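To start, the structure under review is shown below, and the notes come after it.
The values are calculated or read from the model by the stated rules, or taken from the named source; none is laboratory data. Note that this is a predicted model, so its numbers are computed, not measured. Cβ placement follows ideal geometry from the backbone for every residue including glycine, while neighbour counts extend to all protein chains displayed. These area figures cover heavy atoms from the full protein model, side chains too; ligands, DNA and RNA do not enter into them. Shrake-Rupley method; radii C 1.70, N 1.55, O 1.52, S 1.80 Å.
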Amino acid sequence: MATTVQPITPVTSVELEPPPATLKVEFQTLLTPEAIQFLAELVSMFDADIEEILQLRIVKKLDLNRQGGLPGFLPHTSHIREDQSWKVQPVPQRLQNRHIDLGDVSPANTEHFTRALRSTAQGIQTDFDDGHCPNYFNQIQGLFNVYKAVHSQFPDIPHISKIPILMLRPRAWNMVEHNMLVNGKEVPGPVFDFGLLMYHCGRILFENECGPFFYLSKVESHGEARLWNKIFIWAQIKLGLPIGSIKATVLIENIFAAFEMEEILYELRDHSAGLNCGIWDYSASIVSKLGQRREFLLPDRSKYVNMEEMFLKSYMDLLVKTCHKRGALATGGMAALLLPQDPESSEYQRVLAIGKRFKLLEINAGLDGFMVFDLDLIEPMTKLFLEHTNGPNQLHILRQDVNVTPKDLLTLPSGGVTLHGLKYNIGVGILFIAAWLRGEGHFYFRGQVEDSATAEISRSQVWQWIRHKVKLENDNRVITRNLVQTLVKEMEAELQTVLHHSTDSSKWQLTVASEIFLELVQKRDFPEFLTTYLNLEHTFLSANH
């Protein structure tokens, strides 16, 4: 489909909500008249393009399901895939070693963020997306904390050139910033985040050879990568930085994007820091795009879904092959396990062994690095890399043995649903929404960290199992709305215990979270993103933030 050339809309008005009561100084530091003007021009320049990509997402999904078609490698871009001559520009020295990034580090959590800054990880996924709740307070606090880190204003934190690299992760295209309007429209969340980060931090990061580096979430096509490339070029010219200063890792979190990896790298070839593969957002995207069809029924993730299954292993292998063929780094998802406190205990050793087994699969597949959440995993996972690889990365592993077909990417594992798996998904979904209502983007449950990615796959599976009337393996009960409602009531006491307090406020949060979860899993039309639903439909619940 040809891209429509849209006229540039001049900035005619800018409206900005007053700052959160306790963040007036932080707000004034970030949202100076000059920064607001930069943001307004950025939004005005690309607003029509952003609207178009969001509309194209809707059209593509509708066309595919109406025609009963399947995703595939694009015929009209075959010349890009077949041209062996092009590669991405080499990344700077600081990005050559990507063994361990800390994931889900919301900079709004000052204590966690500063602990990460003191760590020995190579990088920090400085997260305004999956592990972060983007209410107004958190956005201002988080952006200001990044500002302080880059300007070396935190006491007892080394200079920006000496800390782990900040891999800045703005919100994805599906999110909007309610508190700023340009020309009478709420601004896209990722543009608000990217614009302020670049305006205040871009030059310092560049001059200290440690950025500006970004993670780009939930990119669905090479057209979206092209738009990000245009935004990068505009910002670099506006700020007087050399073209190619910005480097970005694209998270391949969508089934459509899996068929356009080479094209995405090509569009960002001057600004690419590689591609990243995870498990849960990617799996949830299959339910989102194709899950109304029974042939794309995804079984119990707690029993049947892991990176060893064909559709996920093929996705990872294809990502490694694609990246290394084009000189780009390939990185993996986050180890969500939390190590027990006693390193001498058998439970500690058991949990660590599980984490190492799955991460060794990724190392052996040729990945150049991955993420962990628990800071105590940095040392053993770094050691794992050193024991099984040579050098800072694995770009020399070209994976010429890999020949992935569309069928490989679309063949889901067989299996059913257990009562444990159903209750686990219900618990994760409800507790994430409760965390969101508290202004938090992640929480701890049954020995691991959970964020919007695990919440997405959890509510997606429950929706799909109700839609297709799946039977439980345990007792052949059909999964219905009534069964899910009954289980939600049965689990109330356990979920309240996870919240660690039984105040009226926490009880209210759990009740509202349960109601919202039940809304989501019985919708006639599948809500595309849980976070969008919360951000648009339930804004009032966190208005005090």
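Remarks
- Around MET381: net Lys/Arg minus Asp/Glu count, Cβ-Cβ under 15 Å: -2
- Potential extension, ASN403-GLU308 segment - 0.36 nm per residue separation minus Cα distance: 32.5 nm
- Expressed as a whole percent, the accessible surface of region 386-473 that belongs to carbon and sulfur atoms is 52, based on a 1.4 Å probe.
- Per residue, the accessible area of region 370-477 comes to 39 Å² when a 1.4 Å probe rolls over the protein heavy atoms.
- Accessible area of region 1-132 belonging to carbon and sulfur atoms, whole % at 1.4 Å probe: 56
- Under 22 Å from LYS185, Cα to Cα: lysines that are on another chain or at least 8 residues apart: LYS230
- Loop-resident sites, region 358-458, for trypsin sites (Lys or Arg not before Pro), counting at most 12 other Cβ within 10 Å (DSSP): ARG446
- Across LYS60/LYS523; LYS60/LYS87; LYS313/LYS469; LYS87/LYS313; LYS356/LYS383; LYS407/LYS523, pairs whose alpha-carbon gap is larger than 18 Å: LYS60/LYS523; LYS60/LYS87; LYS313/LYS469; LYS87/LYS313; LYS407/LYS523
- Value of relative contact order over the chain, rounded to a whole percent, pairs C-alpha under 8 Å and six or more apart: 16
- Computed packing ranks the peptides 284-290, 388-394, 19-25, 210-216 as 210-216, 284-290, 388-394, 19-25, most packed first, by mean other Cβ atoms within 10 Å.
- Coil-residue GluC sites (Glu not before Pro) of region 311-414, DSSP, other Cβ within 10 Å capped at 16: GLU344
- Burial ranking of peptide ranges 515-528, 94-107, 36-49, 472-485 (average Cβ count within 10 Å, highest at the top): 94-107, 36-49, 515-528, 472-485
- For LYS162, the lysines whose Cα falls under 16 Å of its own Cα, not counting residues fewer than eight places away in the same chain, are LYS148.
- The alpha-carbon of LYS471 sits under 14 angstrom from the alpha-carbons of these aspartates and glutamates, leaving out residues fewer than 8 places away in its chain: ASP300.
- Of all accessible heavy-atom area on region 206-348, the percent that carbon and sulfur account for (1.4 Å): 49
- HIS468-HIS76 FRET efficiency (beta carbon distance; Förster radius 35 Å; 0.05 resolution): 0.55
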